[in-house]
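Quick note: the coordinates plus some simple rules give every number you see, no bench work behind them. Values in this document were obtained by computation on a predicted structure and should not be read as measured data. Here the Cβ is made from the backbone with ideal geometry for all residues, glycine too, and neighbour counts use every protein chain on show.
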Amino acid sequence: MKKIIFSLSLMMFTISCVKNNHLTRVEKYYSSGELSEIFYENENNKKQGKYYDFNKNGKISSIFELKNGIINGWVTQFNENGLLDQKIKVKNDKIVDTLFRFSPVTGKLIYKVIYGLKEDTLKTVEYYPNGRLKNETIYTPYNSPQI
């Protein structure tokens, strides 16, 4: 029985690979049959382009851009209900810009972390549910907040 399920999974994986402009579309599935990932691979078998990750409940959990297997661009993550959770800009697998966190209830911005103010320094900004500023803190290389 396990061999049959593995064979069917392998067939579904193989069938879902479609070549387009030197990229191969790959779809992967959970053992229970739900879609788990969609991504593209280049001729060197490196992930390239948009990457989509799904929860077992079928809702999107993250979307990001890859170049030769390395994350470059915005990483957008969603909570288990499919609502926007956070966004962050990444270059060469490293955070290079602001991280935005959103309320799972209202979808409004509730928190952000600003990277790259100075070397090893970041700033956190919190917001009240009505959108007004709640708190700002700057962290130095020694992890001591400066207000």
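Data overview
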{"read-out": "Pairwise centroid distance, computed over Cα atoms, of region 78-118 with region 52-71, Å", "value": "15 Å"}
{"read-out": "Label point distance in nm, TYR52-LYS134, each placed 7 Å from Cα along Cα→Cβ", "value": "3.3 nm"}
{"read-out": "Computed E for LEU117/SER62 - FRET, C-beta separation, R0 35 angstrom, nearest 0.05", "value": "0.85"}
{"read-out": "Estimated inter-spin distance, ARG25 and LYS108, nm [label 7 Å along Cα→Cβ]", "value": "3.9 nm"}
{"read-out": "Cut-off 12 Å between beta-carbons: net charge of the residues surrounding ILE95, Lys and Arg +1, Asp and Glu -1", "value": "+2"}
{"read-out": "Cut-off 14 Å between beta-carbons: net charge of the residues surrounding ILE71, Lys and Arg +1, Asp and Glu -1", "value": "+4"}
{"read-out": "Magnitude of the charge dipole, region 75-136, Cβ model with Lys/Arg +1 and Asp/Glu -1, debye to 20", "value": "220 debye"}
{"read-out": "Summed side-chain charge close to GLY49 - residues other than GLY49 whose Cβ falls under 12 Å, Lys, Arg +1, Asp, Glu -1", "value": "+3"}
